[in-house]
Amino acid sequence: MEIAPATIALCSKEQQKMYHEWFEIADPDGDGRITGNDATKFFALSKLSRQELKQIWALADSKRQGFLDFSEFVIAMQLVSLAQAGHEITSDILKNGGKYKDHSFSSDKCT
């Protein structure tokens, strides 16, 4: 399922800065892409289960390219946050225009 940019809400300047810093950490070779190996190392810090991280990757890598660009990384980070808050991560989470209960997630304004 590809995530349309129109479904993504706004990101604050603080969030933009934070996501850019984390993206640079998760992308050690600086090529602008986070591979599965890079993601495994970085997202393991979230303490989520392997199954949850697989689901997050499947949703964030919407084009099935085997890597995350910055906007996909932001979506993955927001999904990680939802999972850490106890929400179940399913494809349905993307069907409400980026809104899920009291949370909304965004990346188009974070790039």
Could you grab me the full set of residues in region 17-26 that are free of Cβ contacts under 8 Å to residues at least 40 places away in the same chain and touching a strand residue (DSSP E or B) at 6+ places or on another chain (Cβ under 8 Å)? none
Quick one: which of Asp92, Asp69 is modelled with pLDDT of 85 or more and surrounded by fewer than 21 Cβ atoms within 10 Å (Cβ to Cβ)? Asp69
Within region 22-55, residues of a type in the set (Asp, Glu), under 17 Å from Asp69 (Cβ atoms) and surrounded by 16 or more Cβ atoms within 10 Å (Cβ to Cβ) come out as Asp27, Asp38
Using beta carbons and a limit of 7 Å, which pairs, at least six apart or on different chains, have the first residue in region 49-73 and under 22 Å from Asp29 (Cα atoms) and small (Gly, Ala, Ser) and the second one open to solvent by 40 Å² or more (accessible area, probe 1.4 Å) and assigned to a helix (DSSP H, G or I)? Ser71/Asp108
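The values are calculated or read from the model by the stated rules, or taken from the named source; none is laboratory data. Keep in mind it's a predicted model, so treat the numbers as computed, not measured. With ideal geometry, Cβ positions are generated from the backbone for all residues, glycine too; neighbour counts draw on all protein chains shown. For the accessible areas, the whole protein counts, side chains as well, though only heavy atoms, and no ligand, DNA or RNA atoms are used. Shrake-Rupley method; radii C 1.70, N 1.55, O 1.52, S 1.80 Å.
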